[in-house]
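Visitor: Starting off with a structure, shown below.
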Amino acid sequence: MNTVLIDVPTMIETERLVLRMPQPGDGRAVNAAIKASLTELQPWLGFARSNPSVEETETNTREANAKFITRESLRYLIFLKDTDEFVGSTGFHNIDWSVRKFEIGYWIDTRMSGNGYMAEAVGKLTELALNELNGKRVEIRCESTNDKSRAVPERLGYELEGILRNEDLSVDGERLTDTCVYGKISGSRMT
């Protein structure tokens, strides 16, 4: 089956949030959140190392829109349901449609952290992957020293399957890092 034909919701709602695929024009709000969160994002995420321009962020969100349509990756932008304020970004990357394996990534605007929004969003994506997209495995990977990122899968009941030692370079390229691998699997077997 051509993955473009797989039905994936372009918008998802939770109790407090709306998650939707990126649209042209979203770059300004995303960029403002990156700029407000640079200190917290720079140690962990490459896109925050260079303090991107609004144009660079707009380009990135439009590329994410295209990849969503082709099902190469499925990024969702997170907004507060009541005020439409931008909260952060999450989504599926490193998708293996033949296995139905999804990896979830995420980041939050620092001004929105501490409210449980990311756990709410990632919890909803986990349900989407395992229940609606017939996922067999959902995975979250993060650097072992990133306590805030690790708190999300731990709060959601993901199993820490292992820590890959000296598995990657830090974002600044100056040291080796350990990667935590968290997973959830479905109870069904492939047919």
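The values are calculated or read from the model by the stated rules, or taken from the named source; none is laboratory data. Just so it is clear, the structure is predicted and the values come from calculations on it, not from any experiment. Because the Cβ atoms are built from the backbone with ideal geometry, glycine has one as well, and the counts that use them run over all protein chains shown. Side chains included, ligands, DNA and RNA excluded: accessible areas come from the protein's heavy atoms. Shrake-Rupley method; radii C 1.70, N 1.55, O 1.52, S 1.80 Å.
Visitor: Sort out for me the strands (runs of 3 or more DSSP E) sitting completely within the range 75-191 that have 1 or more residues that are under 15 Å from the mean Cα position of the chain (by Cα), of a type in the set (S, T, N, Q) and surrounded by 12 or more Cβ atoms within 10 Å (Cβ to Cβ).
Guide: 86-96
Visitor: Show the residue pairs meeting these rules: Cβ distance below 9 Å; 6+ apart or different chains; first residue within the range 116-140 and on the phi > 0 side of the Ramachandran plot; second residue open to solvent by 10 Å² or more (accessible area, probe 1.4 Å).
Guide: G116/R16; G116/R155; N134/R100; N134/S186; N134/S188
Visitor: Would you check if D147 is among the acidic types (D, E) and at positive phi?
Guide: No.
Visitor: Any idea which of E174, E161, E154 is touching a strand residue (DSSP E or B) at 6+ places or on another chain (Cβ under 8 Å), over 25 Å from R16 (Cα atoms) and of a type in the set (D, E)?
Guide: Among E174, E161, E154, only E161 is touching a strand residue (DSSP E or B) at 6+ places or on another chain (Cβ under 8 Å), over 25 Å from R16 (Cα atoms) and of a type in the set (D, E).
Visitor: Pairs, please: C-beta under 6 Å, at least 6 apart or cross-chain, first residue of a type in the set (A, V, I, L, M) and in the range 6-23, second in a loop (DSSP other than H, G, I, E, B) and surrounded by fewer than 16 Cβ atoms within 10 Å (Cβ to Cβ)?
Guide: L17/K81; V18/K81; M21/T10
Visitor: Across the range 57-74, what is the total count of residues that are of a type outside the set (A, V, I, L, M), in contact with a Gly (Cβ under 9 Å, 6 or more places away or on another chain) and surrounded by 15 or more Cβ atoms within 10 Å (Cβ to Cβ)?
Guide: 7
Visitor: Is it fair to say Q23 is at pLDDT 95 or above, among the polar types (S, T, N, Q) and open to solvent by less than 80 Å² (accessible area, probe 1.4 Å)?
Guide: yes
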